[in-house]
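Okay, structure first, notes after.
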């Protein structure tokens, strides 16, 4: 235990005896004691319930939730309108192997809000959504290779399980090597994945140009999620859009995280539009969901009339009505004034974090757009996953545990999201907690 984290870790352990005991039990039945990702040190907290912007652990401690289940809760926990629609649907049935009117209603919302979406289908996760975009791109172009960004995360499956945040190239954002994120990936599969740097338009375009005859799709996040909410520079996205249009390559935007960038998602924020898009997380307002859509001529490959290039897409819980009505209730509330409120409080928080850290002479960068943010303890501007890899990990762990001790729930890598129910007082609480932690360990 490092000196910089020891004070916070001792307080954390004193305040969470039930979580500690529960974690020991979980280790008997679950690898690493958890069922997604890996556990945090010294052990994860176990949660009991959530109410609006607040979350309660099993030791009875109340915290302000600045993570919102990986940014999937734009209205926080147990929102009354979402709760009402979901309960109404539970009384009618939770799943049907047939079309449902809610499919049309949520599809219409997406098509009317997001400029590039002409037709859409639903899945159960953002991972499935990106996967289906790639399936469609390969069928439409007749080509197999996929280009992805070093440090980007689109789920873990064979087509994209390379150079995720935990297995980035050491290329310093120039010519990335291709690094598998899962052991024993086949060589033939690895040859179908091409890696480009983030926010380096010249080299990215050069790599795409060199391989253009074999490329089905380029998949890009307008804001890299898992790497630390690192926003793309507009010139980078413009460059990728220009070369993909020129070479008839399908451009896919992974908007699983950047759906929260604004009313028209990340593509509306940047005013740059792809051929296909993948959505998830906040689309369901807390329920499992994903969606993919785009140009009708590509999406029609999922129609039964497309005999030669038909792309199969099925799933027992695709479009399940619980997720659909939750998504409808969420997006009916996500009006432009609500986005303005989210932008205002997120901007105040980002600026406040910089001010607090400056007071204690702690180097920091704060990334993110819209209602999303990430704290990077780093001297340098964060433009790529290689930059974020140089974050001060001990300081990050200290502040993570310290914020937990002061009544704030962040993620372990200090990714964060504000929710529509938050007030300026909640933002001040985060900043006061950060100040207390840095003072206690200065």
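The numbers here are math on the coordinates, done by the rules we state, and not lab data. Here the structure is a predicted model, which means the values were calculated and not measured. Every residue, glycine as well, gets a Cβ built from its backbone with ideal geometry; the counts of neighbours run over all protein chains shown.
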Just need log10 I(q)/I(0) for the range 128-255 at q = 0.20 Å⁻¹, Debye formula, equal scatterers on the alpha-carbon atoms, no solvent, rounded to two decimals. -1.17
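Ordered by packing density, taken as the mean number of other Cβ atoms within 10 Å over each peptide's residues, highest first, how do 94-104, 343-353 rank?
For the peptides 94-104, 343-353, the packing ranking is 343-353, 94-104.
Relative contact order, percent, of the range 332-400 when contacts are C-alpha pairs under 8 Å separated by at least 6 residues?
On the way: 61 pairs, mean separation 14.8, N = 69.
Taking the mean separation of contacting Cα pairs over the length of the range 332-400, I get 21 percent.
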Could you state the angle between the C-alpha long axis of helix 17-26 and the longest principal axis of the C-alpha atoms of the chain, as a value from 0 to 90 degrees rounded to the nearest 10? 40
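So what's the back-of-envelope 222 nm ellipticity for the chain, counting only DSSP H runs of four-plus at -39500 (n - 2.57) apiece and dividing by all residues, rounded to 500?
Details: 16 runs with 177 residues, N = 442.
Per the formula, -12000 deg cm²/dmol.
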How high is the relative contact order of the range 80-333? Use alpha-carbon pairs under 8 Å, at least six apart in sequence, and give a whole percent. 30
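Below 8 Å, C-alpha to C-alpha, sequence gap of six or more: please give me the relative contact order for the range 223-320 in percent. Numbers along the way, then the final one.
Details: 110 pairs, mean separation 17.3, N = 98.
Relative contact order for the range 223-320 comes out at 18 percent.
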Considering the Cα trace of the chain, what is its radius of gyration and what is Dmax, both in angstroms? 21.7, 67
Helix 80-92: inclination vs the chain longest Cα principal axis, degrees, rounded to 10, gives 60
Distance from the Cα centre of the range 1-55 to that of the range 282-356, in angstrom? 30
Inter-centroid distance (Cα atoms) of the range 87-125 relative to the range 374-434, Å: 34
Provide the packing ranking of 32-43, 280-291, 368-379, i.e. peptides ordered by the mean count of other C-beta atoms within 10 Å per residue, highest first. 280-291, 368-379, 32-43
Volume per residue of the C-alpha convex hull in the range 80-333, rounded to whole Å³: 125
